[in-house]
Amino acid sequence: MKISENGIKLIKQFEGCKLKAYKDSAGVLTIGYGHTKNVKSGQTITQEEADAFLLEDLEKFDAHVSYYDSTYNYKFNQNEHDALTSFAFNIGSLRGLTNAGKRTKYQIAQKIQAYVNCNGVKLAGLVKRRKAEYDLFITPVVNVTNKYEVGFEYVVIVSGLRIRTEATINSPIAYPKNLRKNSKIKVLGVTRDTSGNTWLKIDKGYVAAIYNGKEYIK
């Protein structure tokens, strides 16, 4: 499992982004969303580069959460994985939070909001972040895939819905014309991407039915 767009948005919200290199509280040259690898004094980057650095840095913490998941058989759902990836990205590890795998998921949830101090001082920013991570962790993941059935017709409820070659937002456009609002489509297949978004296969490609919690087709 990898962090979803929803989890990435949470991290961006609390990390903040700086496009010019600066020294953090420990004196380490930093840029973007807390990126430190090979940063040079006076360096500037674009927003696109900052986003790319964040995805690169998140790979380590995605793997870290997945390690705890598989090693201790937690069976984290997408929201739990996202919340813990944000937590690990900020804190550095899940070892303390999980007590090296000895805590249950319920106990982990209750401990998340305890990590709000920096150098012995309680920080308002950390209180807000831990609350957001806790709220995400305990939010159930609703399986919406069964909402759509193969062979049935549904209606597009937004304007300009794009048709893509694969069931992912990063895939190329499959058809030059977007689907108009109130267009009817017939479902040939239903799938979910790695971020938990629901996609429908139609005759010309794939369209997002539910993306980042927003419904595009009913």
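Just one of (1) touching a residue at least 60 places away in the same chain (Cβ under 8 Å); (2) open to solvent by less than 40 Å² (accessible area, probe 1.4 Å); (3) farther than 14 Å from Phe137 by Cα; (4) touching a Lys or Arg at 6+ places or on another chain (Cβ under 8 Å) trips up Val116, so point out which.
For Val116, the exception is condition (1).
Please go through the range 71-91 and pick out each residue that is in contact with a Phe, Trp or Tyr (Cβ under 9 Å, 6 or more places away or on another chain) and not β-branched (Val, Ile, Thr).
If the condition is that a residue be in contact with a Phe, Trp or Tyr (Cβ under 9 Å, 6 or more places away or on another chain) and not β-branched (Val, Ile, Thr), then Tyr74, Phe76, Asn79, Glu80, Asp82, Ala83, Leu84, Ser86, Phe87, Ala88, Phe89, Asn90 are the ones that fit.
Out of all the residues in the range 20-27, is one or more charged (D, E, K, R), under 30 Å from Gly196 (Cβ atoms) and out of contact with any Leu (no Cβ under 8 Å at 6 or more places or on another chain)?
No, that holds for no residue.
Against the condition part of a loop (DSSP other than H, G, I, E, B), farther than 30 Å from Val116 by Cβ and open to solvent by 30 Å² or more (accessible area, probe 1.4 Å), how does Tyr175 come out, does it pass? Spell out the reasoning first.
Details: part of a loop (DSSP other than H, G, I, E, B): yes; farther than 30 Å from Val116 by Cβ: yes; open to solvent by 30 Å² or more (accessible area, probe 1.4 Å): yes.
Judged against the criteria, Tyr175 is a match.
Only one of (1) of a type outside the set (Val, Ile, Thr); (2) without any contact (Cβ under 8 Å) to a residue 60 or more places away in the chain; (3) open to solvent by 20 Å² or more (accessible area, probe 1.4 Å) fails for Asn77. Which number is that?
Status for Asn77: all satisfied but (2).
Restricting attention to the range 19-37, which residues are modelled with pLDDT of 95 or more and either part of a helix (DSSP H, G or I) or at positive phi (or both)?
Selection gives Gly32 alone.
Out of all the residues in the range 165-178, is one or more among the polar types (S, T, N, Q) and touching a Pro at 6+ places or on another chain (Cβ under 9 Å)? Spell out the reasoning first.
Residues of the range 165-178 that are among the polar types (S, T, N, Q), as a first pass: 165, 168, 170-171, 178.
From what's left, touching a Pro at 6+ places or on another chain (Cβ under 9 Å): 165.
Looking for residues that are among the polar types (S, T, N, Q) and touching a Pro at 6+ places or on another chain (Cβ under 9 Å), one finds at least one in the range 165-178, hence yes.
Restricting to the range 146-172, give me the number of residues that are touching a Leu at 6+ places or on another chain (Cβ under 9 Å), open to solvent by 50 Å² or more (accessible area, probe 1.4 Å) and either charged (D, E, K, R) or not in a loop (DSSP other than H, G, I, E, B) (or both).
Final tally of qualifying residues: 1.
Taking the stated definitions as given, is Ile11 surrounded by 17 or more Cβ atoms within 10 Å (Cβ to Cβ), in a helix (DSSP H, G or I) and modelled with pLDDT of 95 or more?
The answer is yes for Ile11.
Going through the range 178-199 one residue at a time, which ones are farther than 17 Å from Lys214 by Cα and either among the aromatic types (Phe, Trp, Tyr) or surrounded by 12 or more Cβ atoms within 10 Å (Cβ to Cβ) (or both)?
Selection gives Asn178, Ser183, Ile185, Lys186, Val187, Leu188, Gly189.
Could you please give the count of residues in the range 91-103 that are closer than 19 Å to Ile138 by Cβ, within 23 Å of the chain's Cα centre (by Cα) and open to solvent by 40 Å² or more (accessible area, probe 1.4 Å)?
Looking only at that region, the number is 1.
Please find, within the range 187-218, the residue that is modelled with the highest pLDDT out of those that are basic (Lys, Arg) and either within 20 Å of the chain's Cα centre (by Cα) or closer than 11 Å to Tyr148 by Cβ (or both).
Applying the filter and picking the extreme gives Lys201.
Counting only residues that are touching a Cys at 6+ places or on another chain (Cβ under 9 Å) and surrounded by fewer than 10 Cβ atoms within 10 Å (Cβ to Cβ), how many does the range 14-53 have?
Qualifying residue count for the region: 1.
Of the residues Lys40, Lys12, only one is of a type in the set (Lys, Arg) and under 29 Å from Val141 (Cβ atoms); which?
Values: Lys40 fails: under 29 Å from Val141 (Cβ atoms).
Only one candidate passes the filter, namely Lys12.
The values are calculated or read from the model by the stated rules, or taken from the named source; none is laboratory data. The structure displayed is predicted, hence computed values, not measured ones. Using ideal geometry, Cβ is built from the backbone for each residue, glycine included, and neighbour counts are taken over all protein chains shown. For accessibility, only protein heavy atoms count, side chains too; no ligands or nucleic acids. Shrake-Rupley method; radii C 1.70, N 1.55, O 1.52, S 1.80 Å.
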